[in-house]
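The values are calculated or read from the model by the stated rules, or taken from the named source; none is laboratory data. Quick caveat: nothing in here was measured; it's all calculated off a predicted structure. Note that we place each Cβ from the backbone using ideal geometry, even for glycine, and neighbour counts take in every protein chain shown.
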Amino acid sequence: MAQGAKFLHGRTMRHVIEMTLTGATGLTFMFLVDAAALFWVSKLDDPTLLAALGFAWTIMFFAVGSSIGLAIAATALVSRGIGQGERANARRTASSALIISFAIQFTIAALMFTFRDALVGLAGATGETRTIAVRYLGFIMPSIPLIALGMVGSSILRALGDGWRSMSVTLAAGATAVTLDPLFILYFGLGIDGAALVLVLSRTVTAALAIWYLVRVHKMLAPVRLSDITRIIPAFFAIALPGSLTQLSTPCGNMLLTWLVSRHGDGAVAGWIVVSRVSMLAFGGIFALSGAIGGIIGQNYGANLLDRVRSTYRDALIFVACYTCIAWCILFLTRHFVADMFQLSGDGLDVYLAFAGLAAGGFVFNGSLFCANAAFNTLGKPLWSTGFNWMRDALVMFPLAWALSSWIGGPGAVYGQSMAGVIVGAAAALAGWRYVSGLEKARPVQL
């Protein structure tokens, strides 16, 4: 057995559950941090601040999406190397992936910082809301490279099978934010600026802890030369570019939805931002699934254990269905409590109730799309993921959301998003199953 190849034995469902739940615990805690920041800002009793956060987070979603694409590439390459028993190559790949990711996100941060006012305007913000959102982004955009280090480092830990330390990376950052948010936002009187400063501190903790675990615990980072970096660039970007394009479809779709909702006023935008934060919190396991099973699929594919690749995909789909049903029930039962907690009313209340009452059920199919994406990205078909995601967020979702929001207002955008997930998610899940079922034994290219 390849050294450190944890996923090559044992029941695949156990690995899916363990890696997803540990990833979901950390990820959900981070989403809880966002929801907590939103909660404390809501105590300032100014809907403009909530709307400004919504617009700013919509822009930042692009940076997060590109970081996820870089993390997908690192997971795929490192897990394959581990599965093949090439740990020395895997160490150099991990180090090079971190350096490349930091450089890319530094460039993105500089561009987004320069054009942040125009970006917020494109999202639909105007007046004081736009001014506040631009100031908030000015505080947090320099931390974008830290997002890359944290996400890529955490993904490499998952590729090694160390779900617990990967989880602890986000837990530590989340604990920092939960502790400091009320102090900076309310006690120190910094308001939304305090929320921005705390976010920067939490991202610093994420990056530092991920690197610490890779260096001190796993000895997974090795000194690299420029030739080592240039050697993996073709394989890395062959996955990272379509992977990033895949992930960027979601923030693009989210920006379009935010623009549609903004036509109904800041109250509707406040409801929309609560929907986006609560959905991430409720479905953390679904969002974590793609990154969690990528390492399992990669190790088994690297070892040519194709039956285990197929069973991993099947078990992931089963997990999605069970998880979504539980989360949807909780959302439905607590819908009025959550709306009251964030002081939603009018259009904002209608938007949130549309989500918690019916639209949340569509995550069964969004989760199925994530499973298919993990398989395509890890098994050499990343452009398929790109195609399905953009089909959902541009070709299908926008026309549906535009038509429904024009007809019934802000809730129509929520229903349009859910319907698009159902249509495209079902198609992607079927395509993914046919692809993994038809895999032939073929050794992945050595890095």
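Below, the figures for the structure above:
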quantity	calculated
Pair list, Cβ < 6 Å and 6+ apart or interchain, from the range 1-21 residues that are within 21 Å of Gly85 (Cβ to Cβ) and assigned to a helix (DSSP H, G or I) to residues that are of a type in the set (Ser, Thr, Tyr) and at pLDDT 80 or above	Thr12/Ser311; Thr12/Thr312
Filtered residue count, the range 68-91, keeping only those that are under 13 Å from Ile156 (Cβ atoms) and surrounded by 24 or more Cβ atoms within 10 Å (Cβ to Cβ)	14
Subset of the range 408-427 [at pLDDT 90 or above and among the hydrophobic types (A, V, I, L, M, F, W, C)]	Ala413, Val414, Met419, Ala420, Val422, Ile423, Val424, Ala426, Ala427
Index of the failed condition, Gly412 passing every other in (1) surrounded by fewer than 24 Cβ atoms within 10 Å (Cβ to Cβ); (2) closer than 24 Å to Ile293 by Cβ; (3) among the small types (Gly, Ala, Ser)	(2)
Enumeration of residues in the range 360-391 that are in contact (Cβ under 8 Å) with a residue 60 or more places away in the chain and of a type in the set (A, V, I, L, M)	Ala360, Val364, Leu369, Ala372, Ala374, Ala375, Leu379, Leu383
Which listed residue is touching a Gly at 6+ places or on another chain (Cβ under 7 Å), hydrophobic (A, V, I, L, M, F, W, C) and buried (at least 22 other Cβ atoms within 10 Å of the Cβ), from Val120, Val152, Val169	Val169
Any hit, the range 208-225, residues being outside any helix (DSSP H, G or I), at positive phi and at pLDDT below 90	no
Matching residues in the range 45-100 - criterion: being aliphatic (A, V, I, L, M), out of contact with any Leu (no Cβ under 9 Å at 6 or more places or on another chain) and under 30 Å from Gly127 (Cα atoms)	Leu49, Ala51, Ala52, Ala63, Val64
Gly346 small (Gly, Ala, Ser) and at positive phi	yes
Criterion: over 30 Å from Gly302 (Cβ atoms), free of Cβ contacts under 8 Å to residues at least 24 places away in the same chain and in contact with a Ser or Thr (Cβ under 9 Å, 6 or more places away or on another chain) - qualifying residue of Leu180, Leu199	Leu180
Residue list for the range 123-138, filter: farther than 16 Å from Val64 by Cβ and surrounded by 15 or more Cβ atoms within 10 Å (Cβ to Cβ)	Gly124, Ala125, Thr129, Arg130, Thr131, Ile132, Ala133, Val134, Arg135, Gly138
Residue in the range 78-93 that is in contact (Cβ under 8 Å) with a residue 60 or more places away in the chain, under 26 Å from Ser290 (Cα atoms) and among the hydroxyl-bearing types (Ser, Thr, Tyr) present	yes
Unmet requirement for Thr250, which otherwise passes all of (1) more than 30 Å from Leu379 (Cα to Cα); (2) surrounded by fewer than 23 Cβ atoms within 10 Å (Cβ to Cβ); (3) within 17 Å of the chain's Cα centre (by Cα)	(1)
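Yes/no per residue for (1) charged (D, E, K, R); (2) over 24 Å from Phe337 (Cβ atoms); (3) more than 21 Å from the chain's Cα centre (by Cα):
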position	(1), (2), (3)
Ala360	no, no, no
Phe363	no, no, no
Val422	no, yes, no
Trp433	no, yes, yes
